[in-house]
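Okay, so here's the structure we're looking at.
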Amino acid sequence: MVEVRARRTAAAAAALTMLGPAAACGLADAGETSVATKDRLVIGVNADQPGVGEREGDGPYKGFDIDVAKAIAGRLGVAGKNVAFKRVYSATREKMLQDGEVDLVVASYSVTPERKVKVAFAGPYYVAHQDVLVRASDAGKIRSIHDLKGRRLCKVRGSVSFPRIHDEQGVAALPVEEDGYSACLTDLVENRLDAVSTDDLILAGLAGKAAANGRKLTIVNASFTDEPYGVGIRRSDVDGCEAVNKAITGLYQDGTMPQLLKRWFGNTGLKLTTTVPQFEGCV
């Protein structure tokens, strides 16, 4: 990767010399816009999803998405202190990419047609499935999304999870709005809502955190969607998107991705897929 980057830099320098100052400026700007050629990356991640993307206080970010982000950056030739993480929320991911605050977003970021109008997606790097998390004492009462009618369901601002139940499936759940899933977890264990519905990887992390604090929660195991987790990237960066796709493929081929899935979710009882997902395409 270092040799490739060196050859790329040398070739670019030669081209700049031949084309003169005006053209040099344009080429330099073009090169800086792609994550495929950057020496430093700022990656948007979640901070409130145990097991997926979490940060406690001023400590390090940790979780499956964090490790995936580091691994992808490494395959792009960027590692160590040259990889910086920045917190995103479901409602801020597109704007932060569009404004250049982050180069990539690896944040349980489901690929949807609506989002693809605003940003591009590499991958997906994993396909999760939306399910429902309830208190163990309510497991007999809530066995599918249809049992959420008239019940309090967490609605995270900017997330598609609540609309998929309420709008697409027509289930008249009662929204309890929060900014993130850690707040949903607190509301659930403190009886301020009846259920949390989102991707099963996130629910598994929430249930594990609750269990560590002596609270028993149950995943209903009635999944009803596919949630392809993509790597968000600016729409103009086709080269970067293709480079990230190549990186993701390599992470499956060399066994890194299966190892990360096992590390973070191997004891949750979820059925994990360890083959390369079908990519969305970069154009």
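The values are calculated or read from the model by the stated rules, or taken from the named source; none is laboratory data. Keep in mind the model is a prediction, meaning the values are calculated, not measured. Glycine gets a Cβ as well: all are built from the backbone with ideal geometry, and neighbour counts include every protein chain shown. Each accessible area value is taken on the protein alone, full model and side chains, heavy atoms only, with ligands, DNA and RNA left out. Shrake-Rupley method; radii C 1.70, N 1.55, O 1.52, S 1.80 Å.
Observations on the model:
- Among the residues listed as 69, 84, the single one being under 12 Å from the mean Cα position of the chain (by Cα) and more than 19 Å from residue 203 (Cα to Cα): 69
- The number of residues in segment 222-236 that are out of contact with any His (no Cβ under 8 Å at 6 or more places or on another chain) and either open to solvent by less than 10 Å² (accessible area, probe 1.4 Å) or closer than 14 Å to residue 136 by Cα (or both) comes to 5.
- Filtered residues of segment 242-273 (kept if in a loop (DSSP other than H, G, I, E, B) and open to solvent by 30 Å² or more (accessible area, probe 1.4 Å)): 254, 266, 267, 268, 269, 270, 271, 272, 273
- Among the residues of segment 160-195, just one is hydroxyl-bearing (Ser, Thr, Tyr) and open to solvent by 40 Å² or more (accessible area, probe 1.4 Å), namely 186.
- Of everything listed in (1) polar (S, T, N, Q); (2) surrounded by 14 or more Cβ atoms within 10 Å (Cβ to Cβ); (3) at pLDDT 95 or above, the single unmet condition for residue 82 is (2).
- Taken over segment 196-221, the criterion of being aliphatic (A, V, I, L, M), more than 21 Å from residue 91 (Cβ to Cβ) and open to solvent by less than 40 Å² (accessible area, probe 1.4 Å) is satisfied by 204, 207, 210, 217, 219, 220.
- Residue within segment 165-181 that is part of a helix (DSSP H, G or I) and within 16 Å of the chain's Cα centre (by Cα) present: yes
- For residue 72, the requirement of being assigned to a helix (DSSP H, G or I), open to solvent by less than 10 Å² (accessible area, probe 1.4 Å) and in contact (Cβ under 8 Å) with a residue 40 or more places away in the chain is met.
- Applying the condition of being farther than 19 Å from residue 183 by Cβ and in a loop (DSSP other than H, G, I, E, B) to segment 136-156 and asking which residue is least open to solvent (accessible area, probe 1.4 Å) yields 142.
- Within the set 187, 239, the sole residue that is assigned to a helix (DSSP H, G or I) and farther than 23 Å from residue 34 by Cβ turns out to be 187.
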